[in-house]
Each structure stands twice: as structure tokens, then as C-alpha cells.
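Some notes on the structure that comes next.
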Amino acid sequence: MAALGNPEMLTRKIKLWDINAHITCRLCEGYLIDATTVTECLHTFCRSCLVKYLEENNTCPTCRIVIHQSHPLQYIGHDRTMQDIVYKLVPGLQEAELKKQRDFYQKLGMEVPGDIKGELCNMKAHLDLQRNGEVKSEDPAKDGDEKPEEDNDYHRSDEQVSICLECNSSKLRGLKRKWIRCSAQATVLHLKKFIAKKLNLTSFNELDILCNEEILGKDHTLKFVVVTRWRFKKSPLLLHYRPKMDLL
């Protein structure tokens, strides 16, 4: 038991090289960006790498397990926890990735999305405070009742997506207000819960949401749906909802 209190064990440093295999993408061999995990086997890759790979394959690039015979993209999901770990472990990676995204939009002459712009501003402010030795404690108990400004944002600074929600089943009624606008980081599961609440359904699991007649996976973000299913079409994103397993 005495060994548990050994301060040398508690402060032992681990080299980044020793854990690289756990935070890199097998497809591009770079650090994970927009980490996305296969739900069947829990192997993780960069989202862009995995989506491109699954355009011609339906198996996991690591273990070769069949993800799904015809719709493998429905069985992958954004892994926020893994991405946060990667950004914390690799110095400067998040800053470099955000800068690449900003430069990409500016090169195309497009407005930088709000979520990228906001993160860049927050990062710059944080670095300025660090240089001046004014970084505030992260312990909420030391900061009193004052909450950070971003806690009250409710994702309004995120990139936004306009959506039209149409019912394509006679078993459900349509929404009174079918046009909504929300964060691109919202998921299909969020939409299911929203529709179920509006229609007073007992469970959101009773619903399927479709785009181009294809059932969407619950973990897909709306940004992912737009990029993969609505890339060259005009706004708004048209989605249909229906009772689960409803044969039309």
C-alpha cells in the first residue's frame, strides 16, 4: 500500500511517442481530426478519411469487420471525447487545424462559419491571458457564482443549418412549424427528440429520420448530413420523418 503513495509514481511522465498509436488515424497516419468511431468495433479514424474509405468499402479499415452491407455510414459516430483527448495531448494541433479551416474558407471567398471564428477568438484571448499571466482559475469554486460568457451562448455562434422537417407517413401528423434553424453540431438524435416532444410521442425511438429516402444514423451531426447527402443542393436541408419500420 505504501507504493501507492509514492510521489514518483504519481508524477511519472509518458512520452507522446508511446501513445501515438492510440491517437492517430490508421488511414492517413496523422493525428485524429474530427475523430469518428465505428459503432460495431469501436475503432476510430479521422471523419474525412473514414467517409472517403466507406464510399467504396463496407468494412472497418482496421479489423475488416463488416460495418453494414449497404449503409455503413449510418453506423459511425463523432467521438467528441477522443477528439478532446487528442487536442489536449498534442500541443498546437487544435490551433493549426482551426487556422487551416479558416484559410480554406477565405481562399474560396466564403464567410468563415461562426463556430470556427468563435473558437479562434476564444483561443487568441486565452493565449493573450497566458502571456500576461492573467489566466483565471478553472475551479468554479474559486470564481464565485460568475459563469463564463460562453456558457450562455447555447451554440448560437456555431455554424447554422436551415432544415425543413416533412412527415411522409399518414400515421403521424405534420409539425405546425416545419422550418427550423439550429447548430450544425446538433445530431439526428436531437431532431428525433425535438419531433417526439412536439408530437407528444411516448419515445423518440418510435421515429426514423430520412434524407433522400435514406434512414440517417442517430449519431450523425447535421453538418455531416449536409456534406454527405446535401452537398450540391440549395438550402434548406430537407428531412423526412416517419414511424420506425413504417413501410410506405
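Observations on the structure shown:
- Of the criteria (1) modelled with pLDDT under 90; (2) within 17 Å of the chain's Cα centre (by Cα), which one H43 fails: (1)
- Hits in segment 218-236 (condition: within 17 Å of the chain's Cα centre (by Cα), part of a loop (DSSP other than H, G, I, E, B) and charged (D, E, K, R)): K218, D219
- Of the residues making up segment 160-186, those that are open to solvent by 20 Å² or more (accessible area, probe 1.4 Å) and part of a strand (DSSP E or B) are Q160, S162, E166, C167, W179, I180, R181, C182.
- Qualifying residue in segment 78-91 (condition: among the acidic types (D, E) and open to solvent by less than 70 Å² (accessible area, probe 1.4 Å)): yes
- Flag for I14 being in contact (Cβ under 8 Å) with a residue 12 or more places away in the chain and either of a type outside the set (S, T, Y) or open to solvent by less than 70 Å² (accessible area, probe 1.4 Å) (or both): no
- Restricting attention to segment 26-47, the residues being out of contact with any Asp or Glu (no Cβ under 7 Å at 6 or more places or on another chain) and among the hydroxyl-bearing types (S, T, Y) number 2.
- For segment 61-74, the set of residues classified as within 21 Å of the chain's Cα centre (by Cα) and surrounded by fewer than 16 Cβ atoms within 10 Å (Cβ to Cβ) consists of H71 only.
The values are calculated or read from the model by the stated rules, or taken from the named source; none is laboratory data. What you are looking at is a predicted structure, and each value in this text was computed from that prediction instead of being measured. Methodologically, a virtual Cβ is constructed for each residue, glycine included, from the backbone with ideal geometry; neighbour enumeration extends over all protein chains shown. Note: areas computed on protein heavy atoms with side chains; ligands, DNA, RNA excluded. Shrake-Rupley method; radii C 1.70, N 1.55, O 1.52, S 1.80 Å.
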